[in-house]
Structure formats: structure tokens, C-alpha cells
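The values are calculated or read from the model by the stated rules, or taken from the named source; none is laboratory data. The structure presented is a predicted model; accordingly, all values stated were derived computationally and were not measured. All Cβ positions, glycine included, derive from the backbone under ideal geometry; neighbour counts span all protein chains shown. The protein model used for the area step is the full one, side chains on, heavy atoms only, and it has no ligands, DNA or RNA in it. Shrake-Rupley method; radii C 1.70, N 1.55, O 1.52, S 1.80 Å.
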Amino acid sequence: MATDDNTKTPPQGNFSRRDMLKGAIVGAATVGLSATDPIPAEAQASPTAPVNPYGGGPSKGLQFPPYYRPTPSVRSRVNYFPGSETLGTDEMRVSFVGSCPFPPRRDQAGTCIMVELGNGDRFFFDFGPGCVKNILAMGIPVPNINDIFLTHLHVDHYHDLSYLLPFSAWGGRWKMPLRVTGPSGRRADLGTKGMVAGMKQMLKWHLEAFDACPIGDGYEVEVNEFDWKDENGICYDKNGVTIRHWRRSHVKDGASAYRLDWNGLSFVWTGDGRPDELTAKYSKGVDLFVTELQPDLARINQLKYGLPEFLFNYTVDIHHTLSYATGYLIKQVNPRCGMVTHFAFDNDTLNESSADVRAHWDGLFLYGAPDVVVVNVTKDAIWHREAALPGFSGQSLPSPTLLFGDPLPIATGKGIVPQPRLPREEQQEQRTRDIEIDPHKYYPPDVYREPLTKLPNPQEVDLIEMARVMGIDLSRFKK
């Protein structure tokens, strides 16, 4: 294996690769040469001075336009503290609650982007392994995690669904189906509906075991499967929010990108794929354009992981977007802000990736990694921070309507808990229960309580008391 990396041209003198690129092109034009002709030595020795695309001014920074500033809802300008800020009615907040493909890292879960809007709506784009822990740390109750849009069915983009489904049903999502939107495939079993059916089969033991608890309708999954060939088709149109989709080239048919538009603001997540003309077309002028990035560093990966260069290059060249292509694609879209996610956040490759992107794009460019990066967007401002998350957040109480339906039975003050559909006695032999240790042997006598092994029918909950304990104002749920 050659030890020299001839795929990169090192900077010369005190100028960056982007400066040299600009200087070479301008110099060639000056002497009547095309950008592909050899540059005379005298032109190379005196490159044109770099130009700040946002105008002059000390310490303003090359990449930061005037609209890169805190939005009105921002309280802490350095960190986002979950639950501390009320989103403005004309504001969008985008949180990268997962940002990595494989292998997973301690600071990067599988890819998942949470989009919150000032009208109260919340959406999740992809749902990779490990994202749930970050979503909970962001203060979202388990049963309120819903409206999930999958770009494709690689496991790093959806597998926390299997974690979410049974536990959100157990945790109070008794009256609301889990809503999942995603593309079809070339065959029925290769689409989103086929994946959900297979997931339920994989979870069968778990789901039946939890059926000994109050579950209600919590196992229902409402799948909105759209035709992957439908270009710029609408897959969501409610409450002033429109979400469109189009195909992406990602080895196998059935990969898609999404664009969300609401109240004059817009967001695109391309998912994985090769740089393509449809994405450039349908993302034009978006506020926040998020795509993937893979560093063009096969030799470095071989040195790190021992895998041959061809394996990385072949995989990337049929699946993904390399860093130069990322910059080119962002330039075609020309967003207010270009962002990248779905890559390993390695300190030794970040500068290289930035330089590659900057060969084409010199507008606002930000990283959607590591977890959790938060971006606030209004029509006048964009601001980028890291979230300050607790090590453990538990799970908070969901909206009472998820538990007891809409409208709530406030008049009686009593909520009825769903009865178990498959009691323990129907799933387990008596002999298995007979080998349990008698609780009298481990409980001190003064704290002993009789184990609760059967629920009354009906099992009631005092809504007023529950609301008082949790600090919930039930008056806002009155019809």
C-alpha cells in the first residue's frame, strides 16, 4: 500500500485550499485561460486575496452572515436547556437527537432529527438506534413520541421503533396509534408496511408479555406508506404543515428525502444517498438544508480500522455523498443554512471535511453532530447550540388524553384503565409461579404489602388527584 495520500493537495504557503482554488480560477480568467488550463508560475505565486462573501468587518467571521444570531425564544445563548424555552409562534427548532451511522458512539446515537414548530407540532425524521434516550433527555414524554418519518429501511435509521412501541404503550399511549410514514419498496415486503409487520413479529414475545399489563390500543401502528416513485408528492398536510418526498439513489429502490414547509419556514432532510438532481430541484431556497456527509478519506480509514480502501470507496460510491459532493449539492440548493449529519464526529477529519465542503459552498455551514445539537430558525435569524442534557431523565407523564381519550371524563373525575388482554395466568404455567420465593421471606413485617397480581375490573384512576400531583391544569382539556 502506498504511504502517500495523493488524493489531497496540501495547502501552499499561508493560504487555505479554498483560497488557492479561488485564486487559481480568478487568476486563470485574468490571463484568458480556462479553469482547467495549467496556471502559470507567476499566477500561482500571487493568488488573489480571499473575499469575505458577507462584507468586511473585524471578527465577523467568513462563514457567519448577519442573520446568524439568537432567535427571540433563546434564553441561554451557549446551551439549550430542555424545557426552559417556549418556542415562538413563528419559529422552528431542529434537534439532532441522533447523528451517527455505524459504529455507534457514546456521544452519537443512530440518526434521528426532531423538528418542533411554534404551532405545537413535533416530527421525527428517521429513528435510529439509541435516539430514544436523547429524546427523553430533551423532556419529551414517551407516549408523546410520534409522527415518525423514515427515509429508508436501513436499520440505523429506524430500529429504535422496536424499542419505542411496547414501552410507549405500557407507559400510557393507550388511546393513540403510533404514526409512521415511509416509502414503499419494489415489493410489498420491502416497504414500510412490510417492515412494521416484521417488527411486530420480532416483538411477539415482548408484546404478549406486556399484554398482561394495561395496554389498550397502544400496539396500533398507523402506517402511511407512500409510493417511493412519486416525485415531490405530499405525504403529510395538516395544521398548516406540508411534508413532501422524492426518491433518492441509495443502492436499493425505496429511499426518499423529505421537505417540511410551515408558516414561511422550511426544512429538508435528504436521508442517505448519492448527490442527485431531484434533491437540488425540490430543496431550492430552503431555510435549513440537512444532508449527509462522508469524508473522502479511505486511506485514513484503512489506517484506523484495518479495512481495505476499496471497501470504503466502493460502499460510499454506491450509497453516499462524499464531502466535495456535499458542498456542491448545498451550493445548488442555496439554502439559508447548509448542515450535515450522519457521520462519525472525528476531530482529525472535521477540518478536512470542512475544507472539501468549502471548495463549493461559502454560505452558512454547520454540523448536526454530535448529539444533541439544536438549531432555532425564524425568518430573520438562525442560531446553533448544543443541548445540556441530564444523565438520566426518566419518563414524564404524557397528556391525559393519551391515557383516557378525548374528551377527558372530567365531569366524573375518573379515568378507566384498560384491562389486560392476556393475563399472566393465560401465558404462564402454575408451576412457574409456584417456584417464586414467598414475599414474606424478604419483606420486613412492618412494610409488607400483599402483591398486586390482579387488577380490579374496572380499574379507576382519580384524574383530579393525578393532575394535582403532576401539576397539570385539567381546565385546558375541557370541551
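List, please: which pairs have Cβ atoms under 6 Å, are six or more places apart or on different chains, and start with a residue in segment 390-419 that is touching a residue at least 12 places away in the same chain (Cβ under 8 Å) and open to solvent by 60 Å² or more (accessible area, probe 1.4 Å) and end with one that is assigned to a loop (DSSP other than H, G, I, E, B) and among the basic types (Lys, Arg)?
Qualifying pairs under 6 Å: Pro407/Lys479.
Among the strands (runs of 3 or more DSSP E) lying completely within segment 157-242, list those that include at least 2 residues that are open to solvent by less than 20 Å² (accessible area, probe 1.4 Å) and out of contact with any Cys (no Cβ under 6 Å at 6 or more places or on another chain).
Strands (runs of 3 or more DSSP E) meeting the threshold: 178-183, 233-238.
Check whether at least one residue in segment 274-283 is within 25 Å of Glu225 (Cβ to Cβ), buried (at least 24 other Cβ atoms within 10 Å of the Cβ), of a type in the set (A, V, I, L, M, F, W, C) and modelled with pLDDT of 95 or more, and report yes or no.
Looking through segment 274-283, none of the residues is within 25 Å of Glu225 (Cβ to Cβ), buried (at least 24 other Cβ atoms within 10 Å of the Cβ), of a type in the set (A, V, I, L, M, F, W, C) and modelled with pLDDT of 95 or more.
Suppose we filter segment 313-332 for residues that are open to solvent by 10 Å² or more (accessible area, probe 1.4 Å) and either under 21 Å from Val373 (Cα atoms) or of a type in the set (Phe, Trp, Tyr) (or both); how many remain?
Of the residues in segment 313-332, 3 are open to solvent by 10 Å² or more (accessible area, probe 1.4 Å) and either under 21 Å from Val373 (Cα atoms) or of a type in the set (Phe, Trp, Tyr) (or both).
List every residue pair whose Cβ atoms lie under 8 Å apart, where the two residues are 6 or more positions apart in sequence or sit on different chains, the first residue falls within segment 302-323 and is farther than 23 Å from Tyr367 by Cβ, and the second residue, located anywhere, is open to solvent by 50 Å² or more (accessible area, probe 1.4 Å) and among the aliphatic types (A, V, I, L, M).
That search, which allows pairs on different chains as well, returns Gln302/Met1; Glu309/Met1; Ile318/Val251.
How about segment 118-146: which of its residues are among the small types (Gly, Ala, Ser) and either assigned to a loop (DSSP other than H, G, I, E, B) or closer than 29 Å to Gly264 by Cα (or both)?
Answer for segment 118-146, where residues must be among the small types (Gly, Ala, Ser) and either assigned to a loop (DSSP other than H, G, I, E, B) or closer than 29 Å to Gly264 by Cα (or both): Gly118, Gly120, Gly128, Gly130, Gly139.
Could you check how many residues of segment 243-273 are under 30 Å from Pro295 (Cα atoms), in a loop (DSSP other than H, G, I, E, B) and open to solvent by 20 Å² or more (accessible area, probe 1.4 Å)?
Within segment 243-273, residues that are under 30 Å from Pro295 (Cα atoms), in a loop (DSSP other than H, G, I, E, B) and open to solvent by 20 Å² or more (accessible area, probe 1.4 Å) number 4.
Please state which of the following conditions Tyr158 fails to meet, knowing it meets all the rest: (1) touching a strand residue (DSSP E or B) at 6+ places or on another chain (Cβ under 7 Å); (2) at pLDDT 95 or above.
Among (1) touching a strand residue (DSSP E or B) at 6+ places or on another chain (Cβ under 7 Å); (2) at pLDDT 95 or above, Tyr158 violates only (1).
Tell me yes or no: at least one residue of segment 133-146 is open to solvent by 10 Å² or more (accessible area, probe 1.4 Å), of a type in the set (A, V, I, L, M, F, W, C), within 14 Å of Val223 (Cα to Cα) and at pLDDT below 95.
Among the residues of segment 133-146, not one is open to solvent by 10 Å² or more (accessible area, probe 1.4 Å), of a type in the set (A, V, I, L, M, F, W, C), within 14 Å of Val223 (Cα to Cα) and at pLDDT below 95, which makes the answer no.
Examine segment 336-345 for a residue that is more than 21 Å from Val97 (Cβ to Cβ), assigned to a loop (DSSP other than H, G, I, E, B) and of a type outside the set (A, V, I, L, M, F, W, C), and state whether such a residue exists.
yes
Which members of segment 350-367 meet the condition of being open to solvent by 40 Å² or more (accessible area, probe 1.4 Å) and either of a type in the set (Val, Ile, Thr) or without any contact (Cβ under 8 Å) to a residue 12 or more places away in the chain (or both)?
Asn351
Can you say whether Pro335 is open to solvent by 50 Å² or more (accessible area, probe 1.4 Å) and either over 21 Å from Val155 (Cβ atoms) or of a type in the set (A, V, I, L, M, F, W, C) (or both), as far as the supplied structure shows?
Spelling it out, it is not the case that Pro335 is open to solvent by 50 Å² or more (accessible area, probe 1.4 Å) and either over 21 Å from Val155 (Cβ atoms) or of a type in the set (A, V, I, L, M, F, W, C) (or both).
Can you name the number of the only condition in (1) assigned to a loop (DSSP other than H, G, I, E, B); (2) of a type in the set (Val, Ile, Thr); (3) out of contact with any Gly (no Cβ under 8 Å at 6 or more places or on another chain); (4) crowded, with 24+ Cβ neighbours inside 10 Å that Thr86 fails?
Among (1) assigned to a loop (DSSP other than H, G, I, E, B); (2) of a type in the set (Val, Ile, Thr); (3) out of contact with any Gly (no Cβ under 8 Å at 6 or more places or on another chain); (4) crowded, with 24+ Cβ neighbours inside 10 Å, the lone unmet condition for Thr86 is (4).
Out of the residues in segment 421-461 meeting the condition of being in contact (Cβ under 8 Å) with a residue 40 or more places away in the chain and open to solvent by 70 Å² or more (accessible area, probe 1.4 Å), tell me which one is farthest from Gly172 (Cα to Cα).
Within segment 421-461, the match that is farthest from Gly172 (Cα to Cα) is Gln427.
Just wondering, is there one or more residues in segment 162-177 that are at pLDDT 95 or above and basic (Lys, Arg)?
Checked segment 162-177: no residue is at pLDDT 95 or above and basic (Lys, Arg).
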